[in-house]
Amino acid sequence: KEVTNDDIVNDATITTQVVTHGLGTKGQRYSPLTQVNTETVKDLVPAWSFSFGGEKQRGQQSQPLIFDGKMYVTASYSRLFALDAKTGEKLWKYEARLPDGIMPCCDVINRGAAIYDNLVIFGTLDAKLVALDKDTGKVVWRETIEDYKAGYSFTAAPQIVKGMVITGNSGGEFGVVGRVDARDAKTGKLIWTRPTVEGHMGQKFDKDGKPSDNGISGKTNATWPGDLWKTGGAAPWQAAYYDPDTDLIYIGTGNPSPWNSWLRPGDNLYSSSTIAINPDTGKIVWHFQGTPHDGWDFDGVNEFISFEYNDPKTGKMVKAGGKADRNGFFLVNDRTNGKLINAFPFVSRIDWAKGYDLKTGRPMYNDDKRPGNPFTEGGGDGQKGEVVFAAPSFLGGKNQMPMAFSPKTGLFYVPANEWGMDIWNEPVSYKRGAAYLGAGFTIKPLYEDYIGSLRAVDPVSGKIVWEVKNSAPLWGGVMTTAGNLVFYGTPEGYLKAINATTGEEVWQFQTGSGVIAPPVTWEENGEQYIAVVSGWGGAVPLWGGDVARRINTLEQGGSVWVFKLHKS
Ligand code: PQQ
């Protein structure tokens, strides 16, 4: 049995499989399954667990895929396992041979694979894409995305759109050039490439591999001074999503390089933005920049999730997209043209801006919360600019962990974090393959009793309907179901189920290590299964400053857990 384009496009409603990152290419992470619901969830028990083994117990962020009774799940250090979805029995394993010099910024994680035809496709930390025969694990094709020695890496899950595999790249902390690529999923051949830093030319390739320019990303040099656009970052390091209705690919772009914003006056397009790309041409149809001229490492890579609502004033249905931006604001845009409809905080404290002007779509900055210019302040010695305290921290009101949207409740379920940072600027110059920040920082908690908070967010009213606080920062994705449940994991090791309308906790299970990955669900032979990967790691223990110290008792791991209802 092979995965077809229909399987991909209809993944959100086919309950026997999970063949896309996001439980559907729109990424709503909503399942219509109801067997596990607010009444029955108390009987949810483990069906099996599988250990990734090895000495390489590090952060595990993979969203498993399910097809034809098999699970395909990636693990730290660029590994991929095929398992029997019912028993957990190992069918095969692929382990990439990684060179010594890989440069992932934030742990050796991977967020999952894509599956198409007879292939399971995933990206490796040395910035390569590998397609494996899904039945044998044998390599069918392998392509290099970019040179890992220049700081490129790959951590995201690829997405399949119209038979193409869509990927971005990582490396924003090393002055790489962000890029979205489309490849023929069956052969790995490049179809188009779309740089996400203004000034770089995109290309489309014909059947014989002959390139033609498909437009420059904006005007050359208009928003970057001098040569800085050549190393501008804006890495789209998370998954792309696709809405068949608008026929647009939506992907977020990361921070501009370097972090020190005084070195790069201007908006620095298309950093920290949502961009909508035509899948046939690879051209940018619209962009919305959440943090123009970012000075706080507010990558805009957070997922842009298509949803519909009825405008309370006109009663008309609006084709919207929602994004819980790393910068602390929940942004709602018209997904046909990018126009900003609504912007409101989803965290309790935001220092860098007062809000957005809905007319212009631009943030209203608090200028005194931009870390100071080392060349005019802090003694003017050119070494260290004025330190400012600003919230959210650079790890964001939300980071890589994807939120979920329930068309049933009309609510987004957002894994948010409350923290701030001391941040300052320093001089820096670009050196290939070296960190390119020009900034220093220390993350600090805002509150004694919690950092994480799962929040039910109404995208129309801008209200937080309920929240469940968590001591450690939340770092795992969310799933919601027609059983009126919200599932998410915690660094403390729990997978939890919450009543989607009330916020009441109705179930939890201790997985033995921190959960920083999104759960999935499917059914087989009339039984609903729920799976999540467990294994603490990611950016927080590496970059979390005072917060990392507060939670340094958490243990690493590496396993998949699968649950179903206990039959009495
Ligand atoms: N990855 C994590 C993680 O997995 O926990 C957290 C982060 C990344 C960040 O906070 C980043 O800023 C970040 N930035 C880039 C980039 O700019 O290229 C890549 C990644 C990544 O690939 O994981 C992260």
>> What is the sum of charges, Lys and Arg at +1 and Asp and Glu at -1, for the other residues whose Cβ falls under 9 Å from the Cβ of TRP466?
In response: -1
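Grab the other residues whose beta carbon is less than 12 angstrom from that of TYR447, score K and R as +1, D and E as -1, and report the net. Could the numbers behind the result be given before it?
Working: positive: ARG349, LYS444, LYS469, ARG550; negative: GLU418, GLU448, ASP449.
Charge balance near TYR447 sits at +1.
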> Given a 1.4 Å probe, how much area per residue of the range 296-439 is accessible, in Å²?
Replying inline: 37
>> Highest mean first, how do 446-454, 325-333, 235-243 rank when packing is the count of other Cβ atoms within 10 Å averaged over residues?
In response: 235-243, 325-333, 446-454
>> Distance between the C-alpha centers of the range 459-516 and the range 171-215? Whole Å please.
In response: 37
>> With just the Cα atoms defining each centre, how far is the range 428-442 from the range 303-353? Give it in Å.
In response: 33
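Which value in Å is the Kirkwood Rh of the range 505-560 over different Cα pairs?
On the way: mean 1/r = 0.0760 Å⁻¹.
Hydrodynamic radius (Kirkwood, Cα pairs) of the range 505-560 is 13.2 Å.
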> If the cut-off is a Cα-Cα distance under 17 Å, which lysines reach LYS93, setting aside same-chain residues fewer than 8 apart in sequence?
Replying inline: LYS56, LYS70, LYS134, LYS138
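When ranked by the protection proxy of mean other Cβ atoms within 10 Å per residue, highest first, what sequence do the peptides 274-281, 174-181 form? Don't jump to the answer; show the numbers that get you there.
Details: 274-281: 21.4, 174-181: 25.6.
Highest-to-lowest ranking by the protection proxy: 174-181, 274-281.
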> When the Cα centres of the range 1-37 and the range 226-286 are compared, how far apart do they sit, in Å?
Replying inline: 27
> Once a ≥ b ≥ c are taken as the square roots of the eigenvalues of the Cα gyration tensor of the chain, is the result rounded (a/c under 1.5), prolate (a/b larger than b/c) or oblate (a/b not larger than b/c)?
Replying inline: rounded
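Which whole-number percentage describes the relative contact order of the range 54-203, with Cα contacts under 8 Å and a sequence gap of 6 or more? If you can, show how the numbers build up before the last one.
Details: 376 pairs, mean separation 23.8, N = 150.
Reported as a whole number, the value is 16 percent.
Per the 1.4 Å probe, what fraction of the accessible area of the chain, in percent, lies on carbon and sulfur atoms? If you can, show how the numbers build up before the last one.
Values: 9410 of 19370 Å².
Reported share for carbon and sulfur atoms: 49 percent.
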> If one puts a single equal scatterer on every Cα of the range 5-57 and applies the Debye formula without solvent, what log₁₀ I(q)/I(0) results at q = 0.18, 0.21, 0.25 Å⁻¹?
Replying inline: -0.79, -0.86, -0.91
> Over the heavy atoms of HIS566, what accessible area does a 1.4 Å probe trace out, to the nearest 10 Å²?
Replying inline: 110
> Along the charge dipole of the range 315-459, which of ALA353, GLY385, GLY410 sits closest to the positive end, that is, farthest toward it, with unit charges on the beta carbon of Lys, Arg, Asp and Glu (+1, +1, -1, -1)?
Replying inline: GLY410
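Quick check for you: with a 1.4 Å probe and neighbouring chains kept, what is the accessible area per residue of the range 2-129, in Å²?
Details: 4420 Å² over 128 residues.
That works out to 35 Å² per residue.
Treating the beta-carbon of each Lys and Arg as +1 and of each Asp and Glu as -1, no other charges, what is the dipole magnitude of the range 114-189 about its Cα centre, to the nearest 20 debye?
Details: 10 positive and 10 negative charges, 33 e Å.
Around 160 debye, computed over the range 114-189.
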>> Using +1 at the C-beta of Lys and Arg and -1 at the C-beta of Asp and Glu, which of VAL540, TRP48, GLY101 has the Cα lying farthest in the positive direction of the dipole of the chain?
In response: GLY101
> Out of ALA182, GLY266, PHE307, whose Cα points farthest toward the positive end of the dipole of the range 175-332 (charges: +1 Lys, Arg; -1 Asp, Glu; placed on Cβ)?
Replying inline: ALA182
> How high is the relative contact order of the chain, in percent, counting Cα pairs under 8 Å that sit 6 or more residues apart?
Replying inline: 14
> Hey, which lysines would be in cross-link range of LYS444, C-alpha to C-alpha under 23 Å, not counting anything within fewer than 8 residues on its own chain?
Replying inline: LYS354, LYS369, LYS384, LYS398, LYS469
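The values are calculated or read from the model by the stated rules, or taken from the named source; none is laboratory data. Predicted, not measured: the structure shown is a model, and the values here were computed from it. Note: ideal-geometry Cβ built from the backbone for every residue, glycine included; neighbour counts use all protein chains shown. Each accessible area value is taken on the protein alone, full model and side chains, heavy atoms only, with ligands, DNA and RNA left out. Shrake-Rupley method; radii C 1.70, N 1.55, O 1.52, S 1.80 Å.
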